[in-house]
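So the structure is just underneath, and the comments pick up after that.
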Amino acid sequence: MLKSALLTAVEATRENVVQHRRHLHRHPEPSFGETKTSAYIAAALRSIGIEFSDGWCAEHGAAGIVAKVEGLDAGTRSMALRADMDALPIQEVERPHASAVPGWMHACGHDAHTACLLGAVEALHATRDQWSGTVHCVFQPGEETLPGGASILVQEGALHTNAPTTGPRMAGGPLVDGIVGQHVYPQLDAGTVGFRSGAYMAAADELRIRIVGKGGHAALPHRTVDPIVAAAHVITALQTVVSRSCDPTQPSVLTIGKIRGGYARNVIPDEVVLDGTLRTYDMATAEQLRSAIERVAVATAQAYGAIAEVDLAIGYPPVVNAPALTESCRKRAIELIGAQHVVELPLRMTGEDFSFYQREVEGCFYRLGTGGDGPGCRSGLHTAQFDIDERALTTGTAMMAWLAATEV
């Protein structure tokens, strides 16, 4: 009876969810600047009649929201659902519903996450006399940028059961019993979801190396200390850090993704800056690699007469899905959409700040298939071509509502 009622309620929200997603997609906002997005969410929650608190992450310029939907016996158990809502600095390709904000785009599907959670709120509220417990709905800013909105929300008390009524830094007492999050996944067809128990996504550190030399005329290199040459050798030397400094059975990735240096073809600059990322699963391996990066960069730069200044910002912890909750969610997904639409996920070296919630309570982070035949519906995340098959929104809404209602 609950399944039938929820699916009916989800179908009734379908057009609303599509419109939510399209509105949010056209109006992306940067990490910790999602004020208009938050206002839109707040208006939608008020129209449904949902209690919520806002102002989360306000000290960082953001406006997170924590809402609650109460079923029968509201004080028995509580489950949290999370959706992130920030965008990326990418210029989207032209399409009818493309971003209207130059240089910004929802290229990681956070518009879809938020739309699905709004739909789940509406469906849960409509069926509140058929399930028990309380569902907390976390609309999180700043997933794409350190320190990560999740870490701030945890510090401010968003996982406490009274958070929707007290607001940031006022919450206390018991924590929710668990938290569930979903993320779009273009590699899977719309209508499909994926799970993985245990370790799933990597820890993600941010790396910056400043190579300082002595600039001068390009025709007089002997009077300079060329930081470009030194930087080139540093990049090459760093390629051995993972292969020769850590256990090969421990997945690790070190990538330099950005090089900045120089301003004219006939001038040797004073410095070059390298930006990159380190991805690991094991904390001991991470510490070993962090030390090796600094040692190799400093020594290599010194060999060419330059100085290397290494700045490593420790980022998000690895996403580790609680086995009991994840297996329960997997079974619930099979009940909802059938075993043929539920798959096992491989390990990924991408990172997610959902991991901060998992340090506090049991968590399950799963994937929502959004792949389809439309333009961009198979394109990768964080690309200008990325789009979703909007049929996935119904699955995403139903999954969040069903998991929340059956896990509380």
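The values are calculated or read from the model by the stated rules, or taken from the named source; none is laboratory data. This is a predicted model, so every value here is computed, not measured. As a convention, Cβ positions derive from the backbone with ideal geometry for all residues, glycine included, and neighbour counts pool all protein chains shown.
Just checking, which of 208, 279, 265 is at pLDDT 95 or above, buried (at least 21 other Cβ atoms within 10 Å of the Cβ), over 30 Å from residue 21 (Cα atoms) and not assigned by TED's automatic domain parsing to the domain that holds residue 79? Step through it out loud before you land on a result.
Working: 208 fails: buried (at least 21 other Cβ atoms within 10 Å of the Cβ); 265 fails: buried (at least 21 other Cβ atoms within 10 Å of the Cβ).
Checking each option against the conditions leaves just 279.
If I filter the stretch 38-58 down to residues being in a helix (DSSP H, G or I) and among the β-branched types (Val, Ile, Thr), which single residue comes out as surrounded by the most Cβ atoms within 10 Å (Cβ to Cβ)? Give the steps one after another, and end with the answer.
To start, the set of residues in the stretch 38-58 that are in a helix (DSSP H, G or I) comprises 38-48, 58.
Imposing the further condition that a residue be among the β-branched types (Val, Ile, Thr) reduces the set to 41, 48.
Values: 41: 28, 48: 16.
Among those residues, the one meeting the criterion is 41.
Can you confirm whether residue 93 is assigned by TED's automatic domain parsing to the domain that holds residue 399 and not in a loop (DSSP other than H, G, I, E, B)?
It is false that residue 93 is assigned by TED's automatic domain parsing to the domain that holds residue 399 and not in a loop (DSSP other than H, G, I, E, B).
Within 26 Å of residue 231 (Cα to Cα), modelled with pLDDT of 95 or more and in contact with a helix residue (DSSP H, G or I) (Cβ under 9 Å, 6 or more places away or on another chain): is that true of residue 334 in this structure?
On the way: within 26 Å of residue 231 (Cα to Cα): no; modelled with pLDDT of 95 or more: yes; in contact with a helix residue (DSSP H, G or I) (Cβ under 9 Å, 6 or more places away or on another chain): yes.
Judged against the criteria, residue 334 is not a match.
Quick check on residue 347: is it surrounded by fewer than 20 Cβ atoms within 10 Å (Cβ to Cβ), in contact (Cβ under 8 Å) with a residue 40 or more places away in the chain and either aliphatic (A, V, I, L, M) or touching a Ser or Thr at 6+ places or on another chain (Cβ under 7 Å) (or both)?
Yes; evaluated as a whole, the condition is true for this residue.
Residues to consider are 145, 127, 165, 161; find the one that is of a type in the set (Ser, Thr, Tyr), under 12 Å from the mean Cα position of the chain (by Cα) and surrounded by fewer than 24 Cβ atoms within 10 Å (Cβ to Cβ).
145
Criterion first (under 30 Å from residue 155 (Cβ atoms), surrounded by fewer than 17 Cβ atoms within 10 Å (Cβ to Cβ) and either of a type outside the set (A, V, I, L, M) or in the same structural domain as residue 147 (by TED's automatic domain parsing) (or both)) does residue 407 satisfy it?
no
Among the numbered criteria (1) at pLDDT 95 or above; (2) within 21 Å of residue 152 (Cβ to Cβ); (3) part of a strand (DSSP E or B), which single criterion is violated by residue 69?
Of everything listed in (1) at pLDDT 95 or above; (2) within 21 Å of residue 152 (Cβ to Cβ); (3) part of a strand (DSSP E or B), residue 69 misses just condition (2).
So which of 86, 129 is at pLDDT 95 or above and in contact with a helix residue (DSSP H, G or I) (Cβ under 7 Å, 6 or more places away or on another chain)?
86
Quick check, is residue 66 out of contact with any strand residue (DSSP E or B) (no Cβ under 9 Å at 6 or more places or on another chain) and among the aliphatic types (A, V, I, L, M)?
No.
The conditions are (1) surrounded by 15 or more Cβ atoms within 10 Å (Cβ to Cβ); (2) not hydrophobic (A, V, I, L, M, F, W, C); (3) not assigned by TED's automatic domain parsing to the domain that holds residue 255, and residue 323 fails exactly one of them. Which is it?
Only one criterion in (1) surrounded by 15 or more Cβ atoms within 10 Å (Cβ to Cβ); (2) not hydrophobic (A, V, I, L, M, F, W, C); (3) not assigned by TED's automatic domain parsing to the domain that holds residue 255 is unmet by residue 323, namely (1).
In the stretch 238-262, which residues are touching a Ser or Thr at 6+ places or on another chain (Cβ under 7 Å) and surrounded by 16 or more Cβ atoms within 10 Å (Cβ to Cβ)? It would help to see each step written out before you state the result.
Filtering the stretch 238-262 down to residues touching a Ser or Thr at 6+ places or on another chain (Cβ under 7 Å) leaves 242, 246-247, 250, 252, 255, 257.
If the condition is that a residue be touching a Ser or Thr at 6+ places or on another chain (Cβ under 7 Å) and surrounded by 16 or more Cβ atoms within 10 Å (Cβ to Cβ), then 242, 246, 252 are the ones that fit.
Tell me, yes or no, whether the stretch 173-188 has at least one residue that is closer than 21 Å to residue 40 by Cα, at pLDDT below 95 and buried (at least 19 other Cβ atoms within 10 Å of the Cβ).
No, that holds for no residue.
Collect the residues in the stretch 208-235 that are touching a Ser or Thr at 6+ places or on another chain (Cβ under 6 Å) and under 27 Å from residue 279 (Cβ atoms), keeping them in residue-number order.
Listed by number, the residues that qualify are 233, 234.
Of all the strands (runs of 3 or more DSSP E) wholly in the stretch 125-220, which have at least 1 residues that are within 30 Å of residue 280 (Cβ to Cβ) and of a type in the set (Val, Ile, Thr)?
In the stretch 125-220, 134-140, 178-189, 193-195, 203-212 are the strands (runs of 3 or more DSSP E) which contain 1 or more residues that are within 30 Å of residue 280 (Cβ to Cβ) and of a type in the set (Val, Ile, Thr).
Any residue that is part of a helix (DSSP H, G or I) and at pLDDT below 95 - is there at least one of those in the stretch 401-408?
Looking for residues that are part of a helix (DSSP H, G or I) and at pLDDT below 95, one finds at least one in the stretch 401-408, hence yes.
Which members of the stretch 291-330 meet the condition of being over 28 Å from the mean Cα position of the chain (by Cα) and hydroxyl-bearing (Ser, Thr, Tyr)?
Listed by number, the residues that qualify are 300, 304.
Scan the stretch 301-342 for residues that are closer than 22 Å to residue 232 by Cα, part of a helix (DSSP H, G or I) and touching a residue at least 24 places away in the same chain (Cβ under 8 Å) and jot them down.
Passing the criteria: 301, 303.
Can you find even one residue in the stretch 218-229 that is surrounded by fewer than 19 Cβ atoms within 10 Å (Cβ to Cβ), among the basic types (Lys, Arg) and more than 34 Å from the chain's Cα centre (by Cα)?
Checking the stretch 218-229: at least one residue is surrounded by fewer than 19 Cβ atoms within 10 Å (Cβ to Cβ), among the basic types (Lys, Arg) and more than 34 Å from the chain's Cα centre (by Cα).
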